[in-house]
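Every read-out reported here was derived from the displayed coordinates using simple, explicitly stated rules and does not represent laboratory data. This is a predicted model, so every value here is computed, not measured. Here the Cβ positions follow ideal geometry from the backbone for every residue, glycine too, while neighbour counts run over all protein chains shown.
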Amino acid sequence: PIVSIICITYNHEKFIREAIEGFLNQIVDFPIEIIIHDDASTDSTAKIICEYASIYKDKIKPILQKENQKSKGLGIVSRTVFNAAQGKYIALCEGDDYWTDPFKLQKQVDFLEANMDVSLTCTLKAVLRDGVITKHGAKQSISYANTKNVLTDFIAPTQTMVFRNLKGLSEFLNQHPLIYGGDRAITYYASLHGKIAILPFWGSIYRITKQGVSTGLSSRRKLIVRFQSSIDLHYSLNLGCNYLLIRTQLGSFFSLKLKDKVRLIILIATQQLNLRYSLKDYAEAFLKKKMPL
């Protein structure tokens with residue numbers, strides 16, 4: 001296959017059909033494989049996957065776990081699906097998201113074929129929440145991101161990504177099993193091997209559901225989750241608590257008074273988000289005497 005579509009799913013019985021149909025509706029001039037990993041769903045997700053797999057035996061390759069793998073350790077699921085991918089390129093879409101443009105894959109693969117200096121492509125983000133689709137971005141031309149952008153504020157929407165099946169990617173994800181930000185880890189690794197291209201079209205939908213990590217969180221908690229994703233990446237790569245990263249992620253919080261900054265540090269350190277880093281690390285980054293406010 002030229003493209004391996006990787007779909008990770010868990011208890012997505014209400015959405016998985018739409019995701020699979022989006023894969024099957026792609027109009028392409030190359031062979032594809034659809035790897036669907038179900039992490040021991042307790043609903044009928046696995047049954048629906050098997051239903052499609054029995055019809056599209058040449059395309060759909062189900063991986064149906066009997067025991068939940070994510071609960072056994074970070075990185076297990078990523079290692080399983082990426083090791084299974086045989087395509088020259090990899091496309092991602094989780095089981096509760098879906099593709100809307102039937103030419104999405106063709107457009108992105110054509111771009112990668114024509115631009116050997118690009119390692120990963122993504123597209124503009126569209127979000128479905130409470131029945132309403134909101135489109136983000138209105139870029140009229142192709143833009144690019146690099147490693148520095150990834151280490152600060154750039155995140156490629158998972159369901160929009162198509163990238164080269166880079167050697168060592170599976171091992172990298174296994175070595176750096178980030179708590180929040182597997183998509184950031186993929187984007188970072190890709191940025192080490194080429195440019196990241198943001199193509200100016202909407203081709204997929206990110207669905208916000210009650211099962212989502214950030215759904216229902218306050219704006220402050222969402223900021224903390226996003227902040228932690230970046231901190232995870234920096235510490236995992238032994239880059240330390242980079243000032244530029246923190247300034248970018250916290251943005252308007254730098255207008256706070258010193259005592260409020262300290263309160264925020266304590267809040268981050270005490271949230272039940274499996275933070276691995278000490279209060280001292282955060283405090284030093286925020287309160288360093290030479291840090292401009």
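It is to be established whether one or more residues within region 75-98 are farther than 25 Å from residue 50 by Cβ, touching a strand residue (DSSP E or B) at 6+ places or on another chain (Cβ under 8 Å) and free of Cβ contacts under 8 Å to residues at least 40 places away in the same chain.
For region 75-98, residues farther than 25 Å from residue 50 by Cβ, touching a strand residue (DSSP E or B) at 6+ places or on another chain (Cβ under 8 Å) and free of Cβ contacts under 8 Å to residues at least 40 places away in the same chain: absent.
Quick check, is residue 80 over 27 Å from residue 171 (Cα atoms) and either surrounded by fewer than 15 Cβ atoms within 10 Å (Cβ to Cβ) or of a type in the set (S, T, N, Q) (or both)?
In short, no.
How many residues are closer than 26 Å to residue 103 by Cβ and without any contact (Cβ under 8 Å) to a residue 40 or more places away in the chain when one looks only at region 21-61?
Going through region 21-61 one residue at a time, the tally reaches 12.
Filter region 20-42 down to the residues that are surrounded by fewer than 17 Cβ atoms within 10 Å (Cβ to Cβ) and under 16 Å from residue 88 (Cβ atoms), then identify the one that is farthest from the chain's Cα centre (by Cα).
29
Which of (1) closer than 22 Å to residue 162 by Cα; (2) assigned to a helix (DSSP H, G or I); (3) among the aliphatic types (A, V, I, L, M) does residue 48 not meet, given it meets every other one?
Tallying (1) closer than 22 Å to residue 162 by Cα; (2) assigned to a helix (DSSP H, G or I); (3) among the aliphatic types (A, V, I, L, M), residue 48 fails exactly one: (1).
Inside region 130-164, can you point out the residues that are closer than 24 Å to residue 89 by Cα and without any contact (Cβ under 8 Å) to a residue 12 or more places away in the chain?
148
So, in region 101-132, how many residues would count as being among the β-branched types (Val, Ile, Thr), over 24 Å from residue 164 (Cβ atoms) and surrounded by 14 or more Cβ atoms within 10 Å (Cβ to Cβ)?
Total satisfying the criteria: 1.
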